[in-house]
Amino acid sequence: MAGDLPEYYFRIRDNGAAVFHVDSENRQRRIDMEEIAAVNVKNGNIKPHGDRKLTADEIALISDWVAKRQATLAARDVDDILRAVDHLNLTTQWVQSKASETQLDEVTDLLLLAMHDLRSVLVRKKAERLMKGEAAE
């Protein structure tokens, strides 16, 4: 098992990760993890832990992890939105075929406000993109 462990471990946290060096080649045959850095995924900042000096290889490895993590989070954002579209379609079907008047009274105003807000932002953002496209031509 110890031979299969990666040399570095990233413990995910809110805006990034804590980076650990994994040592399984010690006398006690146990896994030791030494925190070597903290990473902010939003801005890419890498802060060494304590007085530790990170090697160029460690910085490259961490930077690569940050890039992959940012791509993963961006893909999840899009997937979450596509799931929301599916849920809106399911909500429409529910409203049309199953919802009682009491249930509709409970959700109609909230749904209308949320959809109005979303539509307003989408229309504004699309107009901004179209204006940029025209300006570029």
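The values are calculated or read from the model by the stated rules, or taken from the named source; none is laboratory data. If you're wondering where the values come from, they're calculated on a predicted model, not measured in any experiment. Every residue, glycine among them, receives a Cβ derived from its backbone with ideal geometry; neighbour counts consider all protein chains shown.
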With respect to the numbered conditions (1) surrounded by 10 or more Cβ atoms within 10 Å (Cβ to Cβ); (2) under 30 Å from R13 (Cβ atoms), which one is the sole condition not fulfilled by D57?
(1)
Which of the residues belonging to region 79-112 are surrounded by 10 or more Cβ atoms within 10 Å (Cβ to Cβ) and among the hydroxyl-bearing types (S, T, Y)?
T91, T92, T108
Does R13 meet the test of being under 30 Å from R119 (Cα atoms), under 14 Å from the mean Cα position of the chain (by Cα) and among the basic types (K, R)?
no
Does A99 fit the bill of being hydrophobic (A, V, I, L, M, F, W, C) and in a loop (DSSP other than H, G, I, E, B)?
yes
Looking only at region 13-31, how many residues end up being over 22 Å from I46 (Cα atoms) and surrounded by 12 or more Cβ atoms within 10 Å (Cβ to Cβ)?
2
Screening L88, L61, L82, L73 for residues that are over 30 Å from V107 (Cα atoms), out of contact with any strand residue (DSSP E or B) (no Cβ under 8 Å at 6 or more places or on another chain) and part of a helix (DSSP H, G or I) leaves only L73
Mind counting the residues in region 32-84 that are among the aromatic types (F, W, Y) and in contact with a helix residue (DSSP H, G or I) (Cβ under 8 Å, 6 or more places away or on another chain)?
0
Only residues that are within 29 Å of L73 (Cα to Cα), at pLDDT below 95 and loosely packed, with under 13 Cβ neighbours inside 10 Å: list them for region 1-12, please.
D4, P6, E7
